[in-house]
Every structure is written in structure tokens, then in C-alpha cells.
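Asker: Can you keep this structure in mind? I'll have questions shortly.
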Amino acid sequence: MFQNYLNTSIRYLLKNRTYAAINILGLSIGIAACLLLFRLVQYELSFNTGFQNHDRIVRVVARTFSPSEGEGFNSGIPIPAIDAIQNTVSQFSGFARVHVTWPTITVPDRPGSMLGKKFLTDDMKEVATFAEPGFFQVFDFKWIEGDASVLSRPESIVMSRHWAEKCFGSCAAAIGKTVVMDNLLLLTVAGVVEDAAVNSDLPISLFVSYQALKKNGAAYNYFPGWGSTSSNDQAFGLLSNKGQLAAADAVVRNVGQSEYKANGGGEGEKAHFLQPLRDMHFDNRFSNIGTHQITRERLGVLSAIALLILAMACFNFINLATAQAAGRAREVGVRKTLGGSRGQLIGQFLGETSVIVLISVCAGTMLAFLGLPLLKLISDVPDSWPFLSNPIVSIFLVTLTILVSLLSGFYPALVLAAFNPAKALKNSITARTIGGIPLRKALVVTQFVIAHALIVGALVVVSQMEFIRKKDLGFTPDLVYTVSGIPTDSSGMARMDYFKQQLLQISTVESVSLGNDAPASSNTWGSNFGYGRGAKDAPFGANLKFVDADYFKTYHLRLVAGRGMEPSDTLREVVINQTMLRKLGVTDPTTAIDQELRLGARRGLKIVGVVEDFNQHSMRDPIDPVVISTRKEFYQMAGIKIRPGNMNATVAAIQKVFDASFPEQIFVGKYFDERIEEFYRDEDRFSAMCKGFALLAVLISCLGLFGLAAHTAAQRTKEIGVRKVLGASITGIVGLLAKDFLKLILIAIVVASPLAWYLMHAWLDDFAYRIDLKLWMFLAAGTLAALVAACTISFQSIKAALMDPVKSLRSE
């Protein structure tokens, strides 16, 4: 029986090659897209599940609230709060505190030397942390050499396998060796652990004793007070059991309330709560130790797109199968007359579908394998992540084969198996008598609704990204080369002025500014402040930037009142931005000049200038109130404005000066506009994804239209011949065949436009600065879809219209 079904299916497919090719091509594309996106989604959902107790691990995070600013969130909490939580939450069976840093590691060439091989942590892939032995009670990193107790010694460091091999050749050889961290800490390698998993939000490569942090707090911004919060200071707890999350959270929320109130905060303005480790990768309200995050909503969109593309291919199968059903009426009549049951017929037709689906799955898997490099354009899935060898992928393929076979073949099989044998043998069954035309029309409309919505999405995303790139940011990032890694210890500070003067000697360098941060970055240094002599704290905080007097000239920041700061190594004068004045209710910037501004508990500083607003972060975020002042001990990067010309030679000259000024440091430089581009990496990927899937949706839709148009033309061969004999023009015949399809396309555009408007409006809401949705976007998308569809239909229509009417009328 099975062999008979298989032979019959193969003969039918060989006889109807066009029908088979359209279905196989459409399904292959849909299955390939589904496989690639399944790989992406499965990788993202696997994050942090590799830890043995991942379902019991929580992170302590902070929420702030003020009536004027609303909610704010921070992944870090004050050091005293970490102490209090560790001592008061009885539901924790383990507790881990970390302080994140990105150090330079030197392997000395001789004992006592600061020179030797230097290695820098990759800030996009790995971090170092100061940690206590308890960290390994919460997170089960596998030990290769040593154990957790080594971190109780202040001079110890634990390396990952990769770092041990990079620095010393092997894990065993690393033990007992000495390294210098940031030219400051002399540390002994006391242990080696396995590398962090690629699907972990804790890509920690170096573990340094937390005691070393306490001894060198000033060098690593360790501020043990309730008024200081850094996202670098994070805390994790291990619940005794999963059911204690709510109870532990209730205890954590009460920690620090009296202390925050004593420091000027209102009741409930700042509180802590617990974030399960399973949510850490998907909650973009908080920064992670790793740099990679994705929201569950984005994963839902990706999954929905994959399923829609696959569904569109299945719709093609259903449409073509039901359209061709009348042509198989005699076959069904003969089989029923010879004793074939309805169940056997359904089995046969489902068997034909399964053959097509199996071929499509094999072809789609090959397409997906060939398309793996393209996945890198829209995701962070590493090459090492298993694909076909992954058992979950195998289960997915089997499930996909069964579901697609049933979804594509069940309805056509029911239609064919239901034919009356008497009518079938009399050849009285036609496309109209078997029905299915409304369904085919509905499926064609659905396909083009999806295609139109994806085209609109692509246009909106591209327009938003173009808007971002062209918007005036309030500064000029072009031709500014940034160099990070300037040491801030006493020795480094003593060489800063020399470094700057040597840079200015380069003929292609216009200006140089030293500071803690560029105008726009992912960093935020915040503080409470008071405006006016003796005034209380403002109801919102300020973003701090500590820079030298050449900051405004180097980045072309525009002053609207007053002047920039005078050169100074310490806090003396400040410049504020327009947003701060607006939130303070000050309308005239000149009235702020010479006013007093107090940062935290410090003495008042004189306001000497007001700068035009500039974006400190990405366009997703609104502009913050900013205080700009001088403070040399925080200068850790340089912005270098260069002249156009031989920029490679200029960068080489800059590196030469850096290496001569700070031989103990590794040169790390990047153009400022490249740093800004990194803000929008996810949006660029989303843009590429929208364009790619819009193209696939249109392609699959047109494949279906091509098949339906060919079938319609074949069904109306005699009618076309009669019309030509009676004088109908080719244009008239083409219009006759195409108009019904084009009506469906227009209906799809009308249905898809409000849906696309709603979805893209929601996406744009993530940006503080965004474009408005324009009518032309929907008209352009609709016109493109209609033109492509018209070309597809017209090909078959013109082919039918050009046929010799004699042959058309002679054929049955």
C-alpha cells in the first residue's frame, strides 16, 4: 500500500512538474527561514540555563521613582545595600557580589617589572570581576585548577582556560605565576576555571579577590556609601528553593528605605527588588555584565515572522492543490468505482503532500545551511553553536514535516476524496462545483497582507535609521578619533599634559580633549544636585561629564550663554545644558550664569555657561540634564579632532604618541562615529531582517500567483480563443485574466495598512526621537506589491493571450 502511494505520488509530480516545482520552491524557502530563525530563537532562549541552579538564582536590582521623571532602573545597588541584603535575607542559601571592570593584564618579562606581554579584555565579549569565594557557590563554573577558597587572599586572581592559555600556554603552567593588573595590582594566578558558556550573561574571564578592590577602592570607583550607585556593583542570591522568591523579594524591598530617606530621598523613591536570572537576558531596563540582550517581544516578532513565511508557502500548496482538483476528478472516480475508500484516497493525497514536504525539508535544510553566514547579519549566534547536530533541531524538523504535511495537504485531500464518482466519471465536476474559490481568494489576500505589512515595516525601519543618521546630535562626531585606556593613577595623571601636548604637535590634529566620557556613550555618571545658593536638591538627578576646557572645541558643542570652563585639574566651574534649565523652570539661559550649583554634598560651584542640548545616549533615550566640569583624576579617554587627508598616517602617529606616553598601556582607538553606530546595531539588524523577510514574502506570494495565473489561463483556453476570434485585443484579454487577482491585491493593501501602522507605531515608541508615519510609506509599499503581482500575473496572461486561437478552439 505504501509503495503504491509512493509510486503514484512520484508519477503525479513528474507529470505536473510546474505545480511540483512551485510548491517545493515555496516550501523550501519557508522551511529554510523557519530553521534559521528557530536557531536564533533557541540560542537566545537558552541563555543562562547552563548554570545548575539557574532557576533559583536572582539578581538584586534597583528602581527609582520621582514625580517629574517617572521610573528609572539600575542593575547596580550601593555597597552598603549589598552588605545589608547579604545579612538580612534568610531565604538565600548563597550570595555573590561582583564589581565589574575591564582591565589590562601584564605578564611581566622579569620579576618586579611593569613591562611585558600585555592583554586587554574585549569589552564586547568578556569582563573581569572582583569577587568573593561565595560567587562559586551561586554560579557553578567548573574548576580546572584550584578552588573557590583562593579568592579569600587579596593578591589572588583566577583565570578562565582561554586566558590562562593565552598568557602562559597552558592551565597548569599558569598556576603560581604573577601578573600585573592595570599597572597597579600585583596578583598571583591561584586557579583556572572553564571558559564561560557562549550563552551566558556572565562572560567573566578573570576573577580577582574582592579584598583587592577594597584596598584599591579609589582606582576602581569603589564608593562604600548609600548615596553612590554604580551598575558595576551587582549582587546575586541563590534561593533555598524556587518558591521563596516572593518572600525574599519582600525583604529586599525594605532594605535601605530609612538610609535613602536620610540622604534626601522621599518615601519609596528608591527600592530594590529581585530579578530572576531567567529574565536577565530579556529585560532591557537593566544593563547586563555581558553586552548582549534581546527582549522577549523581539523574539516573539521573529518567531511570528518565521511562522508567517512558512504559512504563506503552505497557502500556496492549498491554493494550487484545490485549483487543480477538478483535473483529477476522473482519477478519483475510477479509484472509487474500483473500491477505493475515502480514507485510502485521503491517505494517497496526503502521501503526495508528504513527498513534496520531505523534498522541501531536505532542500530547505540545505538552503538554511548555506544561509548560516547570513544569520550573522541579524544575530549574535556564534559559529560554534550546533545546527544539524543539535537534537532539538532534529526534533524541530520532524515536527515541522508532520505539521506542514497536515496543514498543506489535509484540506485538499478532503476535497478530492469527497468527489461523487458518478459525476467525476461524467467529467461534470468543475472548479466552481467543487468550491474552494472563496478559500483561495482569502489565502491570496492573507499572503499579500503579510507581504505588504513587511514591506511597510522595512520602509519605516530604513526611514527611522536614516533619520537617526542625519539628525543633528548637538555635536560633530565626524573626524574625532577617541583613545581610551589612559591610566588615572598618580603616575598617569602626571603624564596627561605631556600626552596632550605631543598630540597637538601632529600637523593633522586640530584639537585634543581629555575627559571621562565622550558626549554620547552608553555610560552614565549621575548625581543629585541643588540649583541656587542654599537650595534643596532638585527633584531629578544630573548626568556628569568631567572633561578639560577643550571639550567644547573638540566636539563642536555649542554654547547658548556664557563660556566654557577655565583650565583646571579640580572641580571649580560648571556648564549645564538647556534641558536642566527647562526642568528647573528657567526660561532665559543668561539668568543661570554665575548662579551656584551644588553637586551632592560638595560646596557650591559657579555656573559659567549653558550648552545647547546634545544627545548623551542613543535616540531611544531622551536628553538628560547634564553638568560638565573639570576633574583630572577621572580623565580616562582622549577625543582627538583630526583634519581630513591621510587619516591612517594620523592614527599611526597618535598611536606612536600614546605608546611613548603610556608604554604600560595597550592602545585602543576608534572613531567616534563608529562608537555611535554601535548604539544602533540591533536596529540595523532589525532593518536587514525586515528587508530580507519582506523580499521572501513577496517572492512566495508571487510564486503562488504565478501558479494560480497559469492554472486560470489553462482553464480558460477555449474562452480566450473565442474572444480572440470575435476581435478581443491582447490588452483586453490580459486585463480580463488579471483583474480578479489585482482586486485581491488591493483588498490586501487596504487590510494590511492599518495593521502595519499599529505595529510600526508601537516599534517607534521605543525611540525618544522618531519619524512620523507618512502616507507615502503605505502607498509605496502597496504600489510595489501591486506592481510585482501585476508583472507575475501578466506573464501568464500575455502568454495565454498570444496563443493561436485555432489551437485554443481545437483543444479540449
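Asker: Please report the carbon-and-sulfur percent of the accessible area for segment 115-187; probe 1.4 Å, protein heavy atoms only, DNA, RNA and ligands left out. All intermediate terms of the calculation are to be shown ahead of the outcome.
Answerer: Working: 1640 of 3070 Å².
Of the solvent-accessible surface of segment 115-187, carbon and sulfur hold 54 percent.
Asker: Another question, if that's okay. Sort 151-159, 43-51 for me by packing, meaning the mean count of neighbouring Cβ atoms within 10 Å per residue, highest on top.
Answerer: Listed from highest to lowest mean packing, they are 151-159, 43-51.
Asker: With a ≥ b ≥ c the root eigenvalues of the C-alpha gyration tensor of segment 104-222, is it rounded (a/c under 1.5), prolate (a/b larger than b/c) or oblate?
Answerer: rounded
Asker: Of the accessible area of segment 539-638, with the probe set at 1.4 angstrom, what percent is carbon plus sulfur?
Answerer: Working: 1830 of 3850 Å².
Whole-percent figure for carbon plus sulfur exposure: 47.
Asker: Which lysines have a Cα lying under 25 Å from the Cα of LYS166, excluding residues fewer than 8 positions away in the same chain?
Answerer: Of all the lysines, those that pass the test against LYS166 - Cα under 25 Å, at least 8 places apart if same chain - are LYS117, LYS118, LYS125, LYS142, LYS177, LYS670.
Asker: Could I ask something else about it? Mind checking the full-extension length gain between LYS242 and LYS606? Use 0.36 nm per residue of separation minus the Cα-Cα distance, one decimal, nm.
Answerer: 125.7 nm
Asker: If you count only protein heavy atoms with a 1.4 Å probe, what accessible area per residue comes out for segment 204-280, rounded to a whole Å²?
Answerer: 43
Asker: Shifting gears a bit: Would you list which aspartates and glutamates come within 15 Å of LYS376, measuring only between C-alpha atoms, while excluding same-chain residues fewer than 8 positions from it?
Answerer: GLU44, ASP682, GLU683, ASP684
Asker: Another question, if that's okay. Give me the dipole magnitude in Debye, nearest 20, for segment 464-587 about the Cα centre, with unit charges on the beta carbon: positive for Lys and Arg, negative for Asp and Glu.
Answerer: About 500 debye.
Asker: Cα centroids of segment 542-601 and segment 74-146: how far apart, whole angstrom?
Answerer: Distance between centres, Cα-based: 36 Å.
Asker: How much FRET efficiency would the formula 1/(1 + (r/R0)^6) give for SER152 and ARG495, where r is the Cβ-Cβ distance and R0 is 30 Å, rounded to 0.05?
Answerer: 0.25
Asker: At what distance in nm do the modelled label points of LEU370 and ASP109 sit from each other, each positioned 7 Å from its Cα along Cα→Cβ?
Answerer: Using points 7 Å along Cα→Cβ, the separation is 5.2 nm.
Asker: Tell me, in nm to one decimal, what length is gained between LYS632 and ASP472 on full extension, where the rule is 0.36 nm per residue of separation less the Cα-Cα distance?
Answerer: Values: separation 160, 0.36 × 160 = 57.60 nm, distance 2.94 nm.
Stretched fully, the LYS632-ASP472 segment lengthens by 54.7 nm.
Asker: Next question, about the same structure. Could you work out how far the C-alpha centroid of segment 17-52 sits from that of segment 652-709, in angstrom?
Answerer: For segment 17-52 versus segment 652-709, the Cα centre distance is 23 Å.
Asker: Apply the Karplus parameterisation 6.51 cos²θ - 1.76 cosθ + 1.60, with θ equal to phi minus 60°, to every residue of segment 302-312 and state each ³J(HN,Hα) to the nearest whole Hz, in sequence, with x for glycine and proline.
Answerer: Each residue's phi maps through the Karplus curve to give 4, 5, 5, 4, 4, 5, 5, 4, 5, 4, 4 Hz.
Asker: Run the reach check for LYS536 against lysines, Cα to Cα strictly under 29 Å, same-chain hits fewer than 8 apart removed. What comes back?
Answerer: LYS261, LYS270, LYS545, LYS583, LYS606, LYS632
Asker: Here is a further query. For segment 484-489, take each phi angle, set θ = phi - 60°, evaluate the Karplus expression 6.51 cos²θ - 1.76 cosθ + 1.60, and give the result in whole Hz per residue in order, putting x for glycine and proline.
Answerer: Result, ordered by residue: 10, x, 5, x, 10, 6 Hz.
Asker: Next up: Considering the dipole of segment 459-571 built from charges on the beta carbon (Lys and Arg +1, Asp and Glu -1) around the Cα centre, which of PHE499, VAL461, PHE546 is farthest to its positive end?
Answerer: It is VAL461, whose Cα lies furthest towards the positive end.
Asker: Moving on. Name the residue farthest towards the positive end of the dipole of segment 563-706 from the options ALA653, CYS702, MET619, assuming +1 on Cβ of Lys and Arg, -1 on Cβ of Asp and Glu, about the Cα centre.
Answerer: The residue sitting farthest along the positive end of the dipole is ALA653.
Asker: Still on this structure, I have one more. Order 456-463, 195-202, 528-535 from most to least packed using the mean count of other Cβ atoms within 10 Å.
Answerer: On the way: 456-463: 22.5, 195-202: 19.5, 528-535: 16.5.
With the highest mean Cβ count within 10 Å placed first, the list reads 456-463, 195-202, 528-535.
Asker: Moving on. Which shape class applies to segment 501-603: rounded if a/c is under 1.5, otherwise prolate when a/b exceeds b/c and oblate if not, where a ≥ b ≥ c are the square roots of the Cα gyration tensor eigenvalues?
Answerer: Prolate.
The values are calculated or read from the model by the stated rules, or taken from the named source; none is laboratory data. Here the structure is a predicted model, which is why all the values come from computation and not from measurement. Using ideal geometry, Cβ is built from the backbone for each residue, glycine included, and neighbour counts are taken over all protein chains shown. Accessible surface areas use protein heavy atoms only, side chains included; no ligands, DNA or RNA. Shrake-Rupley method; radii C 1.70, N 1.55, O 1.52, S 1.80 Å.
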